[in-house]
Amino acid sequence: MGSRARHLLALLCAAAPVAAMLAVAVPAATSASAQTCPAGGITFNAAFSGGVIKIGSGAVSRNLNGTACGQLSLTGLSITGSTINASFTADAPAANVSFAAGSVTLFGLISAPDTTTIDSDLAGTASAAINMTTGASVVNQSLSQSISATVDLLGFYCTLGPFTPVLTTGPSGSLTGVPFTGTQNLTAGTSSLTGTVVANAFTVPAGKSSSTCPALIAGVQNLLLGLPLSAGKSSLQLNASLNVAGLPPI
């Protein structure tokens, strides 16, 4: 870390007592209550683990864990030899997507608690190739969602975002995901799969002051992280397990 970053970190620490006099109250971060996962039609449940999100070169949050559940709608179907090719639209309401509270490390030196807020539904498209004999399945997806990360900086809650990563099993910037693979129960119409989704083409806006983040702290945060950041400067990677139910029996 260069001398400029060290000076900014020192300024952040020195500014805390001053900012404390400017802030009236600092409420704890809250999250929306989860809705009931859908039970009819084709449904999916996903569990994310070991995720890593990087904001520029200055902030990294590891071991990001979360869950999502939603609905798949069939939009196309074809058969090639013994393989069924299906395409879907996917949607999970914002209230059905959540991530556990974690921590972010700044320049490898300062660890601060952070929470992730879901700002929009998780939506996009998916495609599946299913072997009608063995049930072997390969699923690719491209789903986007607007999220924000709130960091506890010396008792002040400052928000990064919202930003909108497109989570894909394919290429995204310098990263490439891993398609979901597993086996479909051809009689029950269920699938259990694992894969990795990535995003490396989203922008991150500059942080703004608020009732929980005084202008002085927000400004230092922007200087430290180089906000705003253009596409390709930040990344998100999530390992995921995916369970699908309600598929037509084969």
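Got at least one residue in region 138-158 being in contact with a helix residue (DSSP H, G or I) (Cβ under 7 Å, 6 or more places away or on another chain), among the charged types (D, E, K, R) and crowded, with 17+ Cβ neighbours inside 10 Å? Taking every residue of region 138-158 in turn, none turns out to be in contact with a helix residue (DSSP H, G or I) (Cβ under 7 Å, 6 or more places away or on another chain), among the charged types (D, E, K, R) and crowded, with 17+ Cβ neighbours inside 10 Å. If you go through region 111-137 and keep only what is surrounded by fewer than 19 Cβ atoms within 10 Å (Cβ to Cβ) and more than 19 Å from the chain's Cα centre (by Cα), you end up with Ser111, Ser127, Ala129, Asn131, Met132, Thr133, Thr134, Gly135, Ala136.
Condition first: surrounded by fewer than 18 Cβ atoms within 10 Å (Cβ to Cβ) and assigned to a loop (DSSP other than H, G, I, E, B). Now tell me which residues in region 57-82 satisfy that. The answer is Ser57, Gly81, Ser82. Only one of (1) surrounded by 22 or more Cβ atoms within 10 Å (Cβ to Cβ); (2) outside any strand (DSSP E or B) is not met by Gly108, so which one is it? For Gly108, the failing item is (1).
Each value in this text was obtained by applying a stated rule to the coordinates, not by laboratory testing. Note that the structure is predicted; figures quoted are calculated from it, not measured. Note: ideal-geometry Cβ built from the backbone for every residue, glycine included; neighbour counts use all protein chains shown.
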